[in-house]
Amino acid sequence: MKLLKLTLEDPAANLALDEALLDEADQQQGPAEWLRLWEPSQPMVVIGRSSKLDLEVNLAECQRQQLPVFRRCSGGAAVVAGPGCLMYSLVLSIEIYPQLVIPGEAHLLVLQRLTAGLRKLGCPAGLDGTSDLAVEGRKFSGNSLRSKRRHILYHGTLLYDFPLPLISQLLRMPPRQPDYRAGRSHSDFVVNLDLDVASLQGMLIEQWQAEPSSDDWPQQRTEQLVGERYGELGV
């Protein structure tokens, strides 16, 4: 698996790059797997492919704080990302992991590996809901996926030093909630991990045996996607 540690200056381009890596992989003759690690330089809201903006986001507050809102290519609900939130992105081959064609199996494949790595770091993480990672019933990671013919994109968040009150300010209560949330507010439901970013990055790299590559990232496709699909919402 190829490792790409790259945060682009443009927040829209950061989201588009995930999709570009998936597109490029699916055009290759054989498996083409990536682990990308990045962290936004400023807070932003990212909604899922089918999310309804007015139901999930406090757009007036986003505008007041001059924070951008984007739509990603994968499913799931809205998240707030920014400094203190490590983003990871995996492009995985269905040829290598045939079970990826079943979304539930894809979640298990990735999240069981992440929980194993976190437990090695002393964090008693577990899977909750459809695709959350939590510790003692409080969520620190949301995850989603996008499938193509031969590869999937699986990406998510890892909160470690994030200003958690921002989530309550920018997001409404989600219209769909996992049972374990039990109606709790964002402030009672979400938590930062007691780990530093270097440890989290090292864990992900080790779990996926990712190695730096001389291959170029798909800059042209990223720029094309920014123009086509990743404009700011609500502006």
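Rule-based calculations on the coordinates, nothing more; no lab input. Since the model is a prediction, treat every value here as computed from it, not as a measurement. Methodologically, a virtual Cβ is constructed for each residue, glycine included, from the backbone with ideal geometry; neighbour enumeration extends over all protein chains shown.
Counting only Cβ charges, +1 for Lys and Arg and -1 for Asp and Glu, the dipole size of the range 2-229 around its Cα centre is about 600 debye. A Cβ-based charge dipole, computed about the Cα centre of the range 1-130 with Lys and Arg at +1 and Asp and Glu at -1, lands at about 400 debye. Shown in residue order for the range 143-149 are the 3J(HN,Hα) couplings computed by the Karplus curve 6.51 cos²θ - 1.76 cosθ + 1.60 at θ = phi - 60°: 9, 8, 9, 9, 9, 10, 5 Hz (x for Gly and Pro).
Please compute the contact order of the chain in relative form: average sequence separation of alpha-carbon pairs under 8 Å and at least six residues apart, divided by the residue count, as a percent. Numbers along the way, then the final one.
Values: 448 pairs, mean separation 65.7, N = 235.
About 28 percent, as a whole number.
Using the Karplus relation 6.51 cos²θ - 1.76 cosθ + 1.60 with θ = phi - 60°, the per-residue 3J(HN,Hα) values for the range 167-176 come to 5, 5, 5, 9, 10, 7, 4, x, x, 10 Hz, with x marking Gly and Pro.
What the pair-distance distribution of the range 3-137 shows, using all Cα-Cα distances binned every 5 Å from zero, is 2, 9, 15, 19, 21, 18, 11, 4, 1, 0 percent.
Which order do the peptides 177-184, 15-22, 130-137, 85-92 take when ranked by the mean count of other beta-carbon atoms within 10 Å per residue, highest first?
On the way: 177-184: 13.1, 15-22: 25.8, 130-137: 18.4, 85-92: 24.2.
For the peptides 177-184, 15-22, 130-137, 85-92, the packing ranking is 15-22, 85-92, 130-137, 177-184.
Around the amide H of Val57, modelled in the peptide plane, lie the amide H atoms of Arg172, all under 5 Å away and 5 or more residues distant in sequence or on another chain. When the range 52-184 is described by a simple charge dipole with +1 on each Lys and Arg Cβ and -1 on each Asp and Glu Cβ, the residue from Ser93, His155, Ala81 located farthest towards its positive end is Ser93. For Leu3, nonlocal amide neighbours, meaning residues 5 or more places apart or on other chains whose placed amide H falls under 5 Å from its own, are Leu35, Glu211, Ser213. For the range 2-229, the residue among Leu8, Ser199, Pro103 whose Cα projects farthest onto the positive side of the dipole built from Cβ charges is Pro103. Rounded to the nearest Hz, the phi-derived 3J(HN,Hα) couplings of the range 37-43 under the Karplus curve 6.51 cos²θ - 1.76 cosθ + 1.60 (θ = phi - 60°) are 10, 7, 8, x, 7, 9, x, where x marks glycine and proline.
Restricting attention to the range 2-229, close to 75% of DSSP beta bridges with both partner residues there are antiparallel.
Largest first and in whole Å, the equivalent-ellipsoid semi-axes of the chain read 25, 22, 17, each the square root of five times a Cα gyration tensor eigenvalue.
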